[in-house]
Amino acid sequence: MFAKFALPLLSISALASNVLAAPFNPRTQSLARRYGSFDNWGGISSFDGFDNFYGEDNFSGVVSSQVVVEQQEEVVCQSISIEIVQQRLLVLQEMARQIITEQVCEVETQTVVFQQFLSSCSQFSSDLLRTSGRHVGYDSNIVSNFGSFYNSDGSLSTSDFGFSGSDAGQSLIVPSGNNWDFSSSPSSVGNAFNAAVGAATGN
Ligand SMILES: *[C@@H]1O[C@H](CO)[C@@H](O)[C@H](O)[C@H]1NC(C)=O
């Protein structure tokens, strides 16, 4: 698990460019289908420029192209206590709540931008299930802005990080070392996903 391999990653970087985009999900994309554009929606000024981020008719920002970064050393997963992982993910969740409640005042815009966040996040499920055709990784350029989230007095920063939604996936790191197996994982990961969805919805 902890071994580092110096394999070049170029060989897999071409994989995603010619695969199909993620399947359309009517549940997560229904807002986009009904409205097409949210720019200036309902005459509410905080919607100004909403579509600039992913583009009109692209509510969830479905990533269609990825560029894998060439690295000196491959990034390899390491298994740590699940509680440590759950803590980090809860921090991200509470930060989303903070950003939405402190940096947007119109509840309509709070609601729509949160739905956009959720539907955009949920694409990662089909990546993990290997049904999207996308690489399973993260954008290192976008992650690198994490240190600029807060001002030195602890308040949320308002600086422009200088990227748009279309930059997501353009500096992709694809960690290796996971147990994905093309013959057995599709069914076992599918079972795990269904059990989790059942647990989440109480079914
Ligand atoms: C939708 O947004 C994603 C993420 O920004 C981008 O990769 C994709 O090209 C966009 N699709 C269209 C049709 O504009």
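Read the figures in this text as sums done on the coordinates, not as results from a lab. Worth saying up front: this structure is predicted, and the values here are computed from it rather than measured. Methodologically, a virtual Cβ is constructed for each residue, glycine included, from the backbone with ideal geometry; neighbour enumeration extends over all protein chains shown.
Can you give the FRET efficiency for Gln78 and Ser155, using 1/(1 + (r/R0)^6), R0 = 35 Å, r = Cβ-Cβ distance, to the nearest 0.05?
0.55
Can you give me the long-range amide H partners of Arg130? Hydrogens built in the peptide plane at 1.01 Å from N, cutoff under 5 Å, separation of 5 or more residues or another chain.
none
How large is ³J(HN,Hα) for each residue in the range 63-75, as worked out from phi by the Karplus curve 6.51 cos²θ - 1.76 cosθ + 1.60 (θ = phi - 60°), to whole Hz, x for Gly and Pro?
6, 10, 9, 9, 10, 7, 6, 7, 10, 5, 10, 5, 7
Check Val76: other-chain or 5+ apart residues with amide H under 5 Å from its amide H, H built from backbone geometry?
Ser176
Kindly provide the GluC sites (Glu not before Pro) of the range 67-121 that DSSP labels as loop, not H, G, I, E or B, and whose Cβ sees at most 12 other Cβ atoms within 10 Å.
Sites meeting the loop and neighbour criteria: Glu70, Glu73.
Is there a quick way to get the dipole size of the range 10-201? I mean about its Cα centre, with the Cβ of Lys and Arg at +1 and of Asp and Glu at -1; what is the value in debye to the nearest 20? Write out the running numbers ahead of the final one.
Working: 7 positive and 19 negative charges, 141 e Å.
Roughly 680 debye, rounded to the nearest 20.
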